[in-house]
Amino acid sequence: MSLRIVWRTALVTLFAGGALASKAAGQDYFGQNQVQYKDFDWQVIETEHFLVHYYPSERVAAMQGARMAERDYARLSHILGHQFREKKPILFFASRADFGQNNVTGDLGEGTGGVTDLLRHRMLMPFTGDYRGLEHVLTHEMTHEFQYDIFARGRAGGGIAQFAQVNPPLWFMEGMAEYLSLGPDYARSSTVMRDAAINGDLPTIVKMNERPDRYDPYRYGQPLWAYIAGRFGDEIIGAIMADVPSMGIERAFKRETGESLEDLGDEWKEAMQVKYLPQVSTLQRPRSFAKPLLSQKISGGQVFLAPALSPDGNYIAFLSNGSFIKGQVFIDLWLGDAHTGKRIARLVKSTFDPNYQEIGILYSQSSFSPDGKTLAFSALGGGKEILYLLDVKRRKRIAKIELDLDGIVGPSWSPDGKHLVFTGNKGGITDLYTIDADGKNLTQLTHDQFADEQPQWSPDGSMIAFATDQSPGADLANLHFPHWQIAIYHVDGGNVELIPGQDGLNINPAWAPDSKSIAFVSDRTGGQNIFLYDLTDKQHYQLTNVVGGVISLTEFSPAITWSQATDRLAFTYLENGEYTVWTLDNPRSLKRQPFVAAMRTMALRADSAAAAKRAHADSALLDTLSYSYYKSGTTFRTSSTLADSGPHREARVNVAALVDSGFVTLPDTNQFKEYKYHVRFSPDFVARPTVGYSRDNFGNGVFGGTAISLSDMTGNNHLAFALSINGRLKDAQGLAAYTNLAHRLQYSVGYSQSPFYFGQGTQFFADGNGGFIEQSVIARYLNREAFAVGIYPLNRFTRFELGLTLADLERSFLIFSTPLNSIGQQTDQTNQQEVNGTRKVYLEPNLSLVSDNTLFGYTGPIYGRRYRFGVTPAVGQFRWIGLLADYRRYDALLFSYLTLATRVTANLSYGRDADSLQKYIGYSDLIRGYDQQSFVITNDNCPASVQIVQRCNRLLGSKVAFANVELRFPIIRPSISGTIPIPPIEGAFFYDAGTTWFSGQKVEFKTDSQDNPGEVRSLLTSYGVGVRINLFNYVILRWDYAIPRNSPGRHGFWQFSLYPTF
């Protein structure tokens, strides 16, 4: 084989057309972006048990969070009987937008209020401006830290295999975290449980294990743990948790309760029925006083949230999904007819528009201007929350107001239409702000650390009603925060007046048309209902007493709206697991007698006889709590160690008392250490090392390898090392790389070495002594690369990629000579000789524009589009320029059922050495139905005038262009596979067309198998059917039966591959 052909063969393997010949690259060079819009200057607050990471703009909130964390640690360590041996990390973010930029987990969506990772026991969470809500999330996630630490026996990174083996169910993990952070009584859980009981859908523990997707492990798990603790005492939680790592869930419960999980689940279900079913007789169905407006039957879709009526009552803006078949599966902002409930238009298509990454389905509510012509709403885009104004008639955005705030939510218009009031988040602290409708004159109305949320301007313009936790009992010094209550900000004087007589959680104020009363949602009766406060007679009135709840996705989500001109109120209602919207004309007509709170026995757990038996221990517990935390004189001491205060009774664990113990002594912040964060790496993954020694006909050598990846605490810095040896040390395959994700421009630098071997054949020579020499030749290529790659995302879909590679390609020949006797027997050891060849050094920069907004199904994309356009020149001892254009589109004919997938790709190389980059089109992820047996090269179709035989191979070329069309459809889906673990199986009909060519060859885009491939190339086409199996998310198996149309004498055949679909 000529040296030039050897070089070309090597380059086919090394480059193979960039991404086109790589099995993985077809997917790897696409993908959406994790954009770092902000540079976070990380600092650390070191407390007794935690390393709290924050950045300067959120220092005030972070210091409060650090104090809160130490108090929560003391509570949980007391409950669970476990102490940390090492300090646990916490990463605080000033807002939801900042939290979405974390490089530990990536953006988990607005539904995630916090997360704790199993490997490092690291908590991450955003501030929401509500300290009571923060403590709920903080305690919840800290419970996970305790759970992981118990599995790990006090060392982060340990116990992972044991955790995977036990695989604790979500109701166990999340339910325990909810119970320990909220206590036994939580109105939202009660609403969900009552709804399930009424509709005959209360699960057992077995059902919760089988269907965590149907039975929310948070809302069902919390009352389950409350029941268990109520029967057996709160001490049992720590005992069960301590048993689980060694015994598993079933045996741990059996040991501590004496009952099986199945029996315990049946008893819990019966207890919930006894508790909730008798309540139904005293409650209302909404149909008795209201009319349905938005529901699946009337409007299509399944979820209807955050209603906002126009002042004239003709329109309603709401958050909802739509037709599944049309692909309207995500919750977007819609406009509907407020009389019929029919949809008019989708105002925001958030999933595919980078301007609207999220539209605030949890906490935000849109607002019509007084003339009904403009809709104000907030949305997350470009790494921050932005205030948008939309022309309702034209359905066009008319203003995008970006402010120097970390968060914007809940806008409300002034009655003259000139101003907007909203909740703004700055450094994790919320206040009320106003701004002119033209985006000028931002003004801060409130200045405190308390939550100021959901403002609503009164129709007469003199007042702004809002929800706040600055209510009786609030104590910022001791971090004690009551539930939200409704307050009034007086525009003229700037003073704040709290509505008297509130109990429970009160949210979402809405003004009556005459500005003399305020409707709001309150759970003071145990369920979420609409209440009215009359500013004239200073009385509260309960307007509804519903079976389900006037509630949205969270306890703080807005659920009501009041149209001023028509005196019509709309509300979100939960029943039978469905969120619908109902309307009520003249809601003040439902006023009866002023609301008087029912007398309640002061018991911590009314449904538990065990609570009453332990009540005598509560005072001792609270006495202990008042002096046992953290501070003794001027120094800290272990929280589990009690101060020496003389004889006292042993306190019993009581979760309700601990959750309410806001008065407990907090740590002295003067004892905290503050310093700048320093990058320290620790391993994320270590491949099990292997090492061995072998001897064969080609000599002696060692083999083995390992790999390790490391990162720092913020996830901004990564190191990767890999080494694999198979024979000789100088032929080792290795990688060393550093990646930095801390900035908008993300980059990697590194060095790699990869050997490649190509057999050159075997020959026999006479040795002159009656024997022979068997000589085998192997061409060895060693590719060394120093590389730098940068990515600059424009948004979450589109990015620029810039790279530079310095490559050193070394070639040599390994000659193995084995002496043989006349009958072919080896007479001596094999001799190895290395003959040095040449080396090529070249520099290869590259620039690409990449975009991807696709949605994935079980085996491939089902909706959206993706493209990559790139240029890659090479200078040095190799010279060429590569051009790549790859466009793919996925159109849902019937969403998730029928997808038309198309791809058009061209990868072209030009220049002096362009023909060295031989691209093979016969891979089954490019053109199916062709392989090396498809065409036979003969003297007839490859005359002697063609000096390089590869030019006659119709599947090889330095340039390639092809197109694919597939009609994809499901065969088996997991939802219809029953209890048998059958993986999802999908099918496809396809048609492929493409060709390759070298420089100087003529291309005719027609199908003709009789051409001269050395001079003229024509189109190759095929068609067929394929089957794809997602093997439990480990690998996608593909079988394609392809019928080639331009391969003489060939019929259809099956091709198997592990390539993902394009």
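The values are calculated or read from the model by the stated rules, or taken from the named source; none is laboratory data. Note that this is a predicted model, so its numbers are computed, not measured. Counting neighbours? That spans all protein chains shown, and the Cβs are built from the backbone with ideal geometry, glycine included.
Some points to look at:
- Of all residues in the range 712-727 being without any contact (Cβ under 8 Å) to a residue 60 or more places away in the chain and among the polar types (S, T, N, Q), the one that is nearest to Q753 (Cα to Cα): S724
- Residues that are of a type in the set (V, I, T) and within 23 Å of S517 (Cα to Cα), drawn from the range 433-478: T434, T446, I464, T468
- Of the residues screened, D460 is not one that is over 18 Å from S366 (Cβ atoms) and under 33 Å from the mean Cα position of the chain (by Cα).
- Tally, over the range 268-282, of residues that are crowded, with 17+ Cβ neighbours inside 10 Å and among the charged types (D, E, K, R): 2
- Residue check for G175: surrounded by 21 or more Cβ atoms within 10 Å (Cβ to Cβ), in a helix (DSSP H, G or I) and within 23 Å of the chain's Cα centre (by Cα): yes
- Subset tally (residues that are surrounded by fewer than 16 Cβ atoms within 10 Å (Cβ to Cβ) and either hydrophobic (A, V, I, L, M, F, W, C) or without any contact (Cβ under 8 Å) to a residue 60 or more places away in the chain (or both)) for the range 992-1008: 8
- Within the range 793-828, the set of residues being of a type in the set (S, T, N, Q) and touching an Asp or Glu at 6+ places or on another chain (Cβ under 9 Å) comprises T798, T805, S812, S817, T818, Q826.
- Answer from R85, R155, R132 - the residue that is assigned to a helix (DSSP H, G or I) and of a type in the set (K, R): R132
- Filter pass, D149 being out of contact with any helix residue (DSSP H, G or I) (no Cβ under 8 Å at 6 or more places or on another chain), surrounded by 22 or more Cβ atoms within 10 Å (Cβ to Cβ) and not assigned by TED's automatic domain parsing to the domain that holds G383: yes
- Any hit, the range 52-66, residues being assigned to a strand (DSSP E or B), closer than 24 Å to N103 by Cα and out of contact with any Pro (no Cβ under 7 Å at 6 or more places or on another chain): yes
- Residues located in the range 425-442, provided they are of a type in the set (A, V, I, L, M, F, W, C) and either more than 30 Å from H53 (Cβ to Cβ) or assigned to a strand (DSSP E or B) (or both): I429, L432, I435, A437
- Filtering the range 124-152 to residues that are touching a His at 6+ places or on another chain (Cβ under 9 Å) and within 19 Å of L80 (Cα to Cα) leaves H144, E145, F146, Y148, D149, I150, A152.
- Counting residues in the range 79-101 that are hydroxyl-bearing (S, T, Y) and either surrounded by fewer than 24 Cβ atoms within 10 Å (Cβ to Cβ) or assigned by TED's automatic domain parsing to the domain that holds L710 (or both) gives zero.
- Each residue in the range 224-249 was checked for being part of a helix (DSSP H, G or I) and within 13 Å of V655 (Cβ to Cβ), and 11 pass.
- Pairs with Cβ under 6 Å, 6+ apart, first in the range 98-117 and charged (D, E, K, R), second buried (at least 18 other Cβ atoms within 10 Å of the Cβ) and not in a loop (DSSP other than H, G, I, E, B): E110/R96; E110/E358
- Filter pass, A197 being modelled with pLDDT under 95, touching a helix residue (DSSP H, G or I) at 6+ places or on another chain (Cβ under 6 Å) and among the hydrophobic types (A, V, I, L, M, F, W, C): yes
- If the condition is being small (G, A, S) and either part of a loop (DSSP other than H, G, I, E, B) or farther than 21 Å from G238 by Cβ (or both), then the range 250-264 contributes G258, S260.
- Any hit, the range 141-155, residues being of a type in the set (S, T, Y) and farther than 28 Å from V35 by Cα: yes
- Residue ID - farthest from K591 (Cα to Cα), chosen from residues in the range 525-534 that are modelled with pLDDT of 95 or more and surrounded by 19 or more Cβ atoms within 10 Å (Cβ to Cβ): Q528
- Picking from residues in the range 630-680 that are hydrophobic (A, V, I, L, M, F, W, C) and surrounded by fewer than 15 Cβ atoms within 10 Å (Cβ to Cβ), the one that is modelled with the highest pLDDT is V679.
- Taking the criterion of being assigned to a loop (DSSP other than H, G, I, E, B) and not aliphatic (A, V, I, L, M), the residues of the range 794-830 that qualify are N795, R796, F797, N821, S822, G824, Q825, T827, D828, Q829, T830.
- Residue ranges of strands (runs of 3 or more DSSP E) in the range 454-513 with at least 1 members surrounded by 22 or more Cβ atoms within 10 Å (Cβ to Cβ): 463-468, 485-490, 506-511
- Those residues of the range 377-424 which are hydroxyl-bearing (S, T, Y) and not in a loop (DSSP other than H, G, I, E, B), in sequence order: S378, Y388, S412, T423
- Residue within the range 543-553 that is of a type in the set (A, V, I, L, M, F, W, C), more than 21 Å from Q279 (Cα to Cα) and in contact with a Pro (Cβ under 8 Å, 6 or more places away or on another chain) present: no
- All positions within the range 898-918 that are among the aliphatic types (A, V, I, L, M), closer than 27 Å to E966 by Cβ and surrounded by 18 or more Cβ atoms within 10 Å (Cβ to Cβ): A901, L908
- All positions within the range 507-517 that are without any contact (Cβ under 8 Å) to a residue 60 or more places away in the chain and more than 17 Å from Q365 (Cα to Cα): P513, D514, S515, K516
- Extreme residue, farthest from F93 (Cα to Cα), among residues of the range 382-411 that are in contact (Cβ under 8 Å) with a residue 60 or more places away in the chain, crowded, with 17+ Cβ neighbours inside 10 Å and not β-branched (V, I, T): G410
- Members of the range 744-793 found to be at pLDDT 95 or above and not in a strand (DSSP E or B), listed by number: R744, L745
- Filter result for Y867 (closer than 30 Å to D353 by Cβ, without any contact (Cβ under 8 Å) to a residue 24 or more places away in the chain, under 48 Å from the mean Cα position of the chain (by Cα) and surrounded by 15 or more Cβ atoms within 10 Å (Cβ to Cβ)): yes
- Index of the failed condition, F595 passing every other in (1) at pLDDT below 95; (2) farther than 30 Å from G341 by Cβ; (3) surrounded by fewer than 15 Cβ atoms within 10 Å (Cβ to Cβ): (3)
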